[in-house]
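Report on the following structure.
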Amino acid sequence: MQIEYSEGLLLTSLTVTYMGQSKIIDRMAIDTGAAHTIIVSDVVDDIGIFFKNGDQINRSFGVGGTDYAFEKTVDSLVFCGFQMARKPLDFGQIDWDINGLIGLDILIPGRFVIDFDSMEIYTSIASR
C-alpha cells in the first residue's frame with residue numbers, strides 16, 4: 001500500500017466496519033510512537049460510531065499533553081490487507097489536519113514493514 005509523506009507525516013488509509021457499515025478513512029497517520037490507534041470521532045459518526053453513556057473513556061499521554069477518547073469495538077478493521085475482527089478502537093479529537101493515528105496495536109500484530117525507498121507499507125505475515 002502506498003504511503004503519502006506530507007508535512008512530516010506518513011499518511012495512508014484504513015477501512016472500519018461497525019454494525020455492518022463500512023467506511024474507508026483517509027489521512028490516517030502511521031505513528032510508531034502511539035500505543036493505540038485513535039480515529040477522529042467526527043469522521044465516523046455517519047456509520048453510527050459516536051459517544052454513548054456507559055462507553056469506556058481512555059486517557060492517553062503524548063507530546064501535546066493528555067487527551068481523552070471513548071472506546072468502541074468495531075466489527076472489523078482492514079489495513080493494508082491485514083484484518084482484525086472485533087477490534088477495540090479509541091475515538092476522539094486530534095488537533096492536526098488528519099483523521100487519526102495508526103498505532104502499535106495494529107502495526108505489531110500485523111508485522112508491518114515500512115519501505116521508505118518505495119514509500120510503501122506491507123505486512124510481512126504473507127511472506128512467511
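The values are calculated or read from the model by the stated rules, or taken from the named source; none is laboratory data. These numbers were taken from a predicted model, which means no experiment stands behind them. Here Cβ is always computed from backbone atoms with ideal geometry, including for glycine, and neighbour counts include all displayed protein chains.
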Query - Long-range neighbours under 7 Å by Cβ, at least six apart or interchain, first residue on the phi > 0 side of the Ramachandran plot within the stretch 76-87, second loosely packed, with under 14 Cβ neighbours inside 10 Å and β-branched (Val, Ile, Thr) - result: Arg86/Thr73
Report summary line: Being farther than 15 Å from Met1 by Cα, modelled with pLDDT under 95, among the charged types (D, E, K, R) and assigned to a strand (DSSP E or B) narrows Arg59, Arg128 down to just Arg59
Report task. Would you be able to tell me the number of residues in the stretch 86-111 that are farther than 14 Å from Leu14 by Cα, assigned to a strand (DSSP E or B) and out of contact with any helix residue (DSSP H, G or I) (no Cβ under 7 Å at 6 or more places or on another chain)? Result -> 3
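Looking at the stretch 27-44, can you tell me whether even one residue there is among the charged types (D, E, K, R) and either part of a strand (DSSP E or B) or within 17 Å of Val113 (Cα to Cα) (or both)? It would help to see each step written out before you state the result.
Taking the stretch 27-44 and keeping what is among the charged types (D, E, K, R), we get 27, 31, 42.
From what is left, the residues that are either part of a strand (DSSP E or B) or within 17 Å of Val113 (Cα to Cα) (or both) are 27, 31.
Yes; the residues of the stretch 27-44 include at least one that is among the charged types (D, E, K, R) and either part of a strand (DSSP E or B) or within 17 Å of Val113 (Cα to Cα) (or both).
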Query raised in the report: Right, Lys52: surrounded by 15 or more Cβ atoms within 10 Å (Cβ to Cβ) and basic (Lys, Arg) or not?
Result: no
Query raised in the report: Can we say Thr73 is among the β-branched types (Val, Ile, Thr) and free of Cβ contacts under 8 Å to residues at least 24 places away in the same chain?
Result: yes
Query raised in the report: Are any of the residues in the stretch 96-114 surrounded by 13 or more Cβ atoms within 10 Å (Cβ to Cβ) and of a type in the set (S, T, N, Q)?
Result: yes
Query raised in the report: Here is a list of conditions, (1) modelled with pLDDT of 95 or more; (2) more than 13 Å from Ser76 (Cβ to Cβ), and Tyr18 meets all of them except one; can you say which number that is?
Result: (2)
